[in-house]
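The values are calculated or read from the model by the stated rules, or taken from the named source; none is laboratory data. Fair warning: this is a prediction, and the values are worked out from it, not measured in the lab. Positions of Cβ are backbone-derived with ideal geometry, glycine not excepted, and every protein chain shown enters the neighbour counts.
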Amino acid sequence: MFQRHHLRSILSSFFLVFTTPFLWAQAPTTYTGADIQQAIAKLNVVGSALYVAAHPDDENTRLIAWLADEKLLNTGYLSLTRGDGGQNLIGSEIREQLGVIRTQELLQARRIDGGKQFFSRANDFGFSKDWQETMRIWDKEQVLSDMVWTIRKFRPDVLITRFSPKPGGTHGHHTTSAILAVEAFSAAGDKNRFPEQLKTVEVWQPKRILWNTSTFFYGQNQKFDETGKVIVDVGGYNAALGKSYGELSALSRSMHKSQGFGSSGARGSEKEYFENLKGDKATKDLFEGIDLTWKRVPGGEKISKQLTKITTGFNAAKPAASVPDLLSLRQTMQALPASYYRDLKLTELDVIIKACLGLYLEAVAAEPTTTPGATLQLTLEGINRSDIPVQWQKIKILPAGKDSTLNLNLSNNQDVILKSKITIPANTPYSQPYWLQKPGTTGMFTVEDTNLIGRPENAPAATVVCDLVIGKQPFTFTLPVIYKRTDPVAGEVYRPFEITPPVFVSISEKVFVFADDQPKPITVRVKAGQAAISGEATLAVPAGWRVEPARLPFKLAQKGEEVNFTFTVYPSKNQSDGEIRATALVDGKTYQQSLVQINYAHIPAQTILPVASARVTKLDLKIKGRQIAYLMGAGDEVATSLAQIGYSVTMLQDRDINAKELVKYDAVVLGVRAFNTQDPLKFLKNQLMEYVKNGGTLIVQYNVNNGLVTNELGPYPLTLSRDRVSDENAPVEFLNQQHPVLNAPNKITSKDFEGWVQERGLYFANSWDKNYEAILTAHDPGEPDQKGGLLVAQYGKGYYVYTGYAWFRQLPAGVPGAYRLFSNLLSLGKK
């Protein structure tokens with residue numbers, strides 16, 4: 001039964017974003033009269049464009065904003081990957097967790113610039129210098145199929161690539177995105193390519209595909225020639241939005257916070273350049289020869305006439321006055337034969353009518369998560385801020401399948417609150433990101449449901465389907481069930497509502513390194529996903545390893561309650577590695593999901609449910625000097641990894657960097673990109689050098705060669721480059737077999753470079769003073785040796801090390817040789 005309450009007026013109105021349908025966890029956004037006017041104008045534009053590139057942050061946000069908000073086109077961005085292989089400037093999340101963050105950053109960017117967001121199943125496996133390598137690691141046919149699927153569903157008139165399909169000069173993923181886009185351009189219109197898709201979509205042939213080039217793609221010695229290029233000025237000002245497209249672009253691009261892409265807005269004329277790649281050539285206009293009016297829709301001419309009348313008579317101060325004419329337009333649209341654009345524009349029109357009414361509909365769960373089979377309290381709110389008659393007839397709650405007839409008249413500004421209890425079906429799937437639900441490969445995610453391919457995120461865990469009558473016409477609006485709370489500082493805070501397991505298990509660390517034969521205590525945490533749950537916790541270990549005890553009982557009374565168990569794990573006798581898994585056994589069922597929550601202010605809260613596992617590694621390892629100080633840079637897990645092998649690690653703040661205070665440490669380590677992110681280092685660098693001079697060891701991990709707070713990274717000059725060795729299996733040679741780094745306390749051999757992940761290293765030095773000694777050399781296939789990945793210099797009584805080798809990837813992954821070599825670096829100068 002519903003309980004009905006009349007409450008005070010809610011000041012904000014519900015806004016369903018027209019161009020980005022998957023922003024489920026956003027707070028309702030106010031929809032101004034100017035916004036509605038812009039949306040009505042967009043109804044009269046019948047056309048679309050799709051931008052294609054490889055990663056989050058590759059897209060041209062200025063062009064997307066111009067296409068969506070100036071040309072009023074249905075505009076999309078297809079990013080082939082989710083950016084899982086990049087670095088993270090705002091936290092320690094990497095790989096799949098970083099991909100989740102960057103997915104949400106793209107959605108926030110599209111919310112600003114007006115585009116829609118799509119993905120393929122391609123996995124960002126890390127930097128690739130060679131498009132042929134990318135093609136080998138990605139499943140080319142799968143990625144091409146995903147691109148064709150997106151084109152056929154989105155039906156762009158024009159395809160635009162960020163990169164050139166001509167190989168060379170850029171990331172292999174970049175070139176591959178353009179090569180495949182050109183192939184997909186033709187394949188989408190060919191009924192013999194991916195014919196299985198034609199059960200759901202029709203073939204679609206875009207008019208042309210162009211490369212969005214710029215002076216950036218030309219070297220210093222090459223002159224940028226405008227001849228033969230399509231030139232478009234996208235630097236205009238949109239009065240309805242109150243911003244230039246350069247300003248919109250900066251706001252959009254600044255959502256890529258994990259990549260450090262905060263941008264300043266630009267004003268004034270800004271040219272974009274395009275080269276024709278395939279299809280009908282354009283000369284002056286991207287959309288030459290393309291009818292962007294209702295004439296392209298059978299029977300659509302009368303739609304334009306009605307829209308002209310509505311646009312002319314629209315009053316931004318009284319948008320509800322246009323509702324009768326909008327309802328009449330809706331009837332005209334519905335009378336047209338079913339077609340792609342008729343259906344798309346009808347959806348947009350329904351939201352416009354809803355916005356003109358100030359119609360606010362919201363479904364809020366009493367708690368942010370629940371479990372299959374559980375009962376959930378829902379609160380529904382509805383309010384009509386106009387004199388137009390609106391009747392709320394009925395609702396259907398999914399996945400509960402509960403129908404309720406309401407027949408409520410929503411009077412002007414009279415808030416209606418409804419409460420209901422529903423039961424979540426026992427077979428409801430968990431809210432795990434769909435591309436992470438099945439194990440994938442190095443190059444591809446596994447997605448078995450074709451209908452999910454291309455989507456940026458999961459559909460809401462629960463929805464409420466609302467049937468209304470507005471001006472005697474039936475409408476259906478589907479609301480995501482969300483959760484919100486009132487924070488004493490931030491105010492109303494929204495997050496997704498999610499379905500989770502009844503119990504979670506987690507292991508205290510991601511990797512456990514055994515430097516000797518002694519056992520380690522390993523903590524397993526059990527957390528209740530529902531009240532009153534009991535069972536047993538276990539920890540499985542690899543063959544040749546041993547764990548005590550076999551299982552431990554737990555009983556948790558409250559949802560969210562946690563208990564820690566300590567298992568003792570005995571390593572194998574010889575050097576080996578493997579995986580341990582924690583499990584909770586409840587009523588004969590096995591649960592292995594851990595709970596990972598990602599919380600950043602610029603994106604909705606995200607929940608991931610990875611298997612509760614950790615890597616265990618038994619090492620033949622010796623260490624000298626155990627007191628380590630660590631200054632974090634952009635964020636990494638190296639310090640935690642060092643603590644695993646017996647070092648006592650102290651996390652430094654910039655105020656702690658004083659040569660006299662640092663003398664108590666055997667070594668000081670700077671985290672990744674410290675000289676990019678820690679401004680005080682420009683002043684404190686001399687204190688670090690004084691520490692080295694007095695006998696300390698300083699290890700500086702990789703920094704990006706631009707945006708340094710100081711160019712003086714060491715005691716002697718060295719220059720960083722963008723050089724890297726992206727092949728994690730590239731052979732590594734020793735330049736001085738007798739150097740202490742390769743001999744003490746661990747004898748380093750070629751075997752120590754086996755099993756590395758993602759890459760050897762990045763941002764190597766390309767020139768250095770004669771006081772530095774290069775220790776290693778490696779190179780990607782067909783490239784010259786890169787010797788600047790590990791440089792060691794004696795300075796005074798101590799040692800300075802610059803290393804571009806990717807310790808931030810290897811140590812958290814438990815790579816044995818990486819631990820042995822890094823321990824040698826920390827041991828420099830120790831007797």
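Quick one: in the range 267-282, which of the residues that are in contact (Cβ under 8 Å) with a residue 60 or more places away in the chain and in a loop (DSSP other than H, G, I, E, B) is surrounded by the most Cβ atoms within 10 Å (Cβ to Cβ)? Steps first, answer last, please.
Going through the range 267-282, the residues in contact (Cβ under 8 Å) with a residue 60 or more places away in the chain turn out to be 270, 272-282.
Okay, now just the ones that are also in a loop (DSSP other than H, G, I, E, B), so 270, 280-282.
Numbers: Glu270: 18, Asp280: 11, Lys281: 13, Ala282: 21.
Of everything passing the filter in the range 267-282, Ala282 is surrounded by the most Cβ atoms within 10 Å (Cβ to Cβ).
Of the residues Thr583, Thr568, only one is of a type in the set (S, T, N, Q) and either surrounded by fewer than 16 Cβ atoms within 10 Å (Cβ to Cβ) or in the same structural domain as Arg820 (by TED's automatic domain parsing) (or both); which? Give the steps one after another, and end with the answer.
Working: Thr583 fails: either surrounded by fewer than 16 Cβ atoms within 10 Å (Cβ to Cβ) or in the same structural domain as Arg820 (by TED's automatic domain parsing) (or both).
Result: Thr568 is the single residue among Thr583, Thr568 that is of a type in the set (S, T, N, Q) and either surrounded by fewer than 16 Cβ atoms within 10 Å (Cβ to Cβ) or in the same structural domain as Arg820 (by TED's automatic domain parsing) (or both).
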inquiry  = Pairs please, first residue from the range 614-635 and among the hydroxyl-bearing types (Ser, Thr, Tyr), second anywhere and assigned to a loop (DSSP other than H, G, I, E, B), Cβ atoms under 6 Å, 6+ apart in sequence or on different chains.
reply    = Thr617/Gly814
remark   = Note on the range 586-605: residues of a type in the set (D, E, K, R) and either part of a loop (DSSP other than H, G, I, E, B) or surrounded by 17 or more Cβ atoms within 10 Å (Cβ to Cβ) (or both) are Asp587
ask   = Out of the range 554-565, which residues are surrounded by 18 or more Cβ atoms within 10 Å (Cβ to Cβ) and assigned to a loop (DSSP other than H, G, I, E, B)?
value = Lys559
query = In the range 60-112, what residues are acidic (Asp, Glu) and touching a residue at least 60 places away in the same chain (Cβ under 8 Å)?
reply = Asp69, Glu70, Glu93, Glu96, Glu105
task = Please verify whether the range 258-267 includes one or more residues that are over 30 Å from Gly86 (Cα atoms) and at pLDDT below 95.
result = yes
key: Flag for Thr640 being surrounded by fewer than 21 Cβ atoms within 10 Å (Cβ to Cβ), assigned by TED's automatic domain parsing to the domain that holds Asn703, closer than 29 Å to Gln259 by Cβ and not acidic (Asp, Glu)   = yes
key: Among the residues listed as Leu713, Leu698, the single one being under 25 Å from Glu759 (Cα atoms), at pLDDT 95 or above, crowded, with 17+ Cβ neighbours inside 10 Å and over 32 Å from the mean Cα position of the chain (by Cα)   = Leu698
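Can you tell which of Ser823, Ser767 is buried (at least 23 other Cβ atoms within 10 Å of the Cβ) and either at pLDDT 95 or above or of a type outside the set (Asp, Glu) (or both)?
Only one candidate qualifies: Ser823.
Got a sec? Which of Leu198, Leu241 is of a type in the set (A, V, I, L, M) and in contact with an Asp or Glu (Cβ under 9 Å, 6 or more places away or on another chain)? Steps first, answer last, please.
Details: Leu198 fails: in contact with an Asp or Glu (Cβ under 9 Å, 6 or more places away or on another chain).
Matching residue, one of Leu198, Leu241: Leu241.
Scan the range 695-709 residue by residue and report those that are closer than 23 Å to Asn88 by Cβ and among the β-branched types (Val, Ile, Thr).
Answer for the range 695-709, where residues must be closer than 23 Å to Asn88 by Cβ and among the β-branched types (Val, Ile, Thr): Ile699, Val700, Val704, Val709.
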key: Odd one out for Ile608, checked against (1) in the same structural domain as Phe753 (by TED's automatic domain parsing); (2) buried (at least 17 other Cβ atoms within 10 Å of the Cβ); (3) modelled with pLDDT of 95 or more   = (1)
Near pairs, Cβ below 7 angstrom, 6+ apart or cross-chain, from the range 340-354 (touching a residue at least 40 places away in the same chain (Cβ under 8 Å) and closer than 19 Å to Pro324 by Cβ) to any residue that is of a type in the set (Asp, Glu) and not in a helix (DSSP H, G or I) = none
key: Residue among Ala68, Ala39 that is surrounded by fewer than 21 Cβ atoms within 10 Å (Cβ to Cβ) and hydrophobic (A, V, I, L, M, F, W, C)   = Ala39
request  = Scan the range 586-597 and report the pairs whose first residue is under 19 Å from Leu436 (Cα atoms) and whose second residue is modelled with pLDDT of 95 or more and among the basic types (Lys, Arg), with Cβ atoms within less than 9 Å and a gap of 6+ or a chain change.
outcome  = Gln592/Arg581; Ser594/Arg525; Ser594/Lys527; Leu595/Lys527
request  = Only residues in the range 178-199 that are surrounded by 12 or more Cβ atoms within 10 Å (Cβ to Cβ) count as the first member; pair them with residues that are of a type in the set (A, V, I, L, M) and assigned to a loop (DSSP other than H, G, I, E, B), Cβ under 6 angstrom, at least 6 apart or cross-chain, and list the lot.
outcome  = Gly189/Val203
request  = Filter the range 469-492 down to the residues that are at pLDDT 95 or above and in contact with a helix residue (DSSP H, G or I) (Cβ under 9 Å, 6 or more places away or on another chain), then identify the one that is surrounded by the most Cβ atoms within 10 Å (Cβ to Cβ).
outcome  = Ile470
Of the criteria (1) more than 35 Å from the chain's Cα centre (by Cα); (2) farther than 19 Å from Gly625 by Cα; (3) among the aliphatic types (A, V, I, L, M), which one Ile748 fails = (2)
